[in-house]
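Before any comments, here is the structure.
The values are calculated or read from the model by the stated rules, or taken from the named source; none is laboratory data. Note that the structure is predicted; figures quoted are calculated from it, not measured. Note that we place each Cβ from the backbone using ideal geometry, even for glycine, and neighbour counts take in every protein chain shown.
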Amino acid sequence: MSLTSDVKGLLELYEASYLRVHGEDILEEALGFTTTHLGLAKAAETIEYPLSALVSHALYQPIRKGLSRLEARRFISFYQDDPSHNKTLLKFAELDFNLWNNGLDLATKLPFARDRLVEGYLWVLGVYFEPQYSFAREILVKTIVMISIMDDTYDSYGTLEELQLLNNAIQRWDVDCIDQLPEYMKSFYKPLLDFYGEEEEAMIKQEKLYRVKYAKDTFKQVSESYFVEAKWYNENYVPTMKEYMRNAVVTAGYIMLIVTSFVGMGDFVTPEMFNWASNNPKIIDASSIIARLMNDVTSHKFEQERGHCASAVECYMREHAVSEEEACSELMKQVENAWKNINQELIFSEISKVVPGPVLTRILNFTSVIDFLYRNGDGYTHVGKKTKDGITSLLIDPISVSY
């Protein structure tokens, strides 16, 4: 059998090529080669099911960039149609999903809402689905709701003067500041303090209060960077790409969310790990770049129409005197380079030897969530079929167990 006719082998090589780092020219060539020939095989309709379905999905989203839990759920459907499947393994996989799913009590705890609570929970499940992280999930999904409200306040509602008051209040983190805020901001600020206060009470009992301080400090940084963007918009200022990205890796929210994701995790996440993550190491910086640029490429038109500071797309177009299409193409190349940086840090760097695996896995998972939500549009703000299907697959539809 020739290599080009071995579809299963091509698929495996294709998936492996997404682990490439900078300078791995052979894997770059392998990616181009396998993408071309898998595409040809798909177009010729010569691949039998379920391999054909695996190829189609892989060409859309490789495993490396997918949500691990959602990819597992999808693969079960393919695997059960494979005549050579292991029945015992399949049954355990099906039971794992159904037992976990039945404990959520979605009708009571997670009603569909305009505040994107359910979409936020899908985001969190992409970061960690394991039972031992239930408390961590609770903290993180509430944080996503809070940061979403703050983002909308800075982007859509507040005047510059009101936003100055809000940012000052967040930097001070004092309930006495509430009287200085407009009425509508009070309904955000007080619950924000209450939420972090609840976190502090829980962490005091575990003698880990320092964790909440790191979470609050990074939240304050996001507010400060949001205010920078608000000033840029009000001054009609278009920064250079360097200036924009220096602020944008913070507004992406991933430094803050990654640090916050550690708060409810185990003792292996030490103070040193919080300090390391808070200082935006290379792997978190790469994740933030991916988050910011994919968000900007997919949502910049909508943001500009409703009134927003220049995104990476507008900044790049102006600085390099190129078209929107050329700017988006170049920014997506930077996304691919950032993925190589993540692979480098996970596979070859010293970080992979000293930082616990579960910590690094959270960062990889955060990055995969962005790829899932923003691959073909803003799947968080404008919830479409892909996001709804992910929610349905993970949270609503059980799997029929094989017997």
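Name the residues in region 278-303 that are under 27 Å from Glu200 (Cβ atoms) and free of Cβ contacts under 8 Å to residues at least 24 places away in the same chain, would you?
Across region 278-303, the qualifying residue is only Asn279.
Does at least one position in region 56-66 carry a residue that is modelled with pLDDT of 75 or more, out of contact with any His (no Cβ under 6 Å at 6 or more places or on another chain), assigned to a helix (DSSP H, G or I) and farther than 24 Å from Ser287 by Cα?
yes
Quickly run through region 197-246 and pick out the residues that are touching a Cys at 6+ places or on another chain (Cβ under 7 Å) and either free of Cβ contacts under 8 Å to residues at least 40 places away in the same chain or part of a helix (DSSP H, G or I) (or both).
Of everything in region 197-246, those that are touching a Cys at 6+ places or on another chain (Cβ under 7 Å) and either free of Cβ contacts under 8 Å to residues at least 40 places away in the same chain or part of a helix (DSSP H, G or I) (or both) turn out to be Glu229, Trp232, Tyr233, Met241, Tyr244.
Please go through region 8-41 and give me each residue that is over 20 Å from Val335 (Cα atoms) and crowded, with 16+ Cβ neighbours inside 10 Å, ordered by number.
Leu10, Leu11, Leu13, Phe33, Thr34, His37, Leu38, Ala41
Search region 208-249 for residues being among the β-branched types (Val, Ile, Thr) and surrounded by 14 or more Cβ atoms within 10 Å (Cβ to Cβ), and hand back the single one that is nearest to Trp276 (Cα to Cα).
Thr218
Under the condition of being outside any loop (DSSP other than H, G, I, E, B) and of a type in the set (A, V, I, L, M), which residue from region 1-29 is farthest from Leu54 (Cα to Cα)?
Filtering first and then ranking leaves Ile26.
Identify the single condition in (1) surrounded by fewer than 14 Cβ atoms within 10 Å (Cβ to Cβ); (2) closer than 17 Å to Phe372 by Cβ that Glu48 does not satisfy, given that it satisfies every other one.
(2)
Please give the number of the condition Pro191 fails out of (1) farther than 21 Å from Asn279 by Cα; (2) at pLDDT 95 or above.
Failed condition: (2).
Output yes when any residue across region 321-340 is in a helix (DSSP H, G or I), without any contact (Cβ under 8 Å) to a residue 12 or more places away in the chain, of a type in the set (Ser, Thr, Tyr) and not assigned by the TED database to the domain that holds Glu28, and no when none is.
Of region 321-340, the ones in a helix (DSSP H, G or I) are 324-340.
Keeping just the survivors that are without any contact (Cβ under 8 Å) to a residue 12 or more places away in the chain gives 324-326, 329, 333, 336.
In the following step, the residues that additionally are of a type in the set (Ser, Thr, Tyr) were identified as 329.
Next, from what is left, pick out any that are not assigned by the TED database to the domain that holds Glu28: 329.
Checking region 321-340: at least one residue is in a helix (DSSP H, G or I), without any contact (Cβ under 8 Å) to a residue 12 or more places away in the chain, of a type in the set (Ser, Thr, Tyr) and not assigned by the TED database to the domain that holds Glu28.
Please work out which one of (1) among the acidic types (Asp, Glu); (2) at pLDDT 75 or above; (3) surrounded by fewer than 13 Cβ atoms within 10 Å (Cβ to Cβ) is the condition Asp105 fails and give its number.
Every listed condition holds for Asp105 apart from (2).
Select from region 162-200 the residues that are among the polar types (S, T, N, Q) and either closer than 24 Å to Val141 by Cβ or crowded, with 17+ Cβ neighbours inside 10 Å (or both) and list them in ascending order.
Asn167, Ser187
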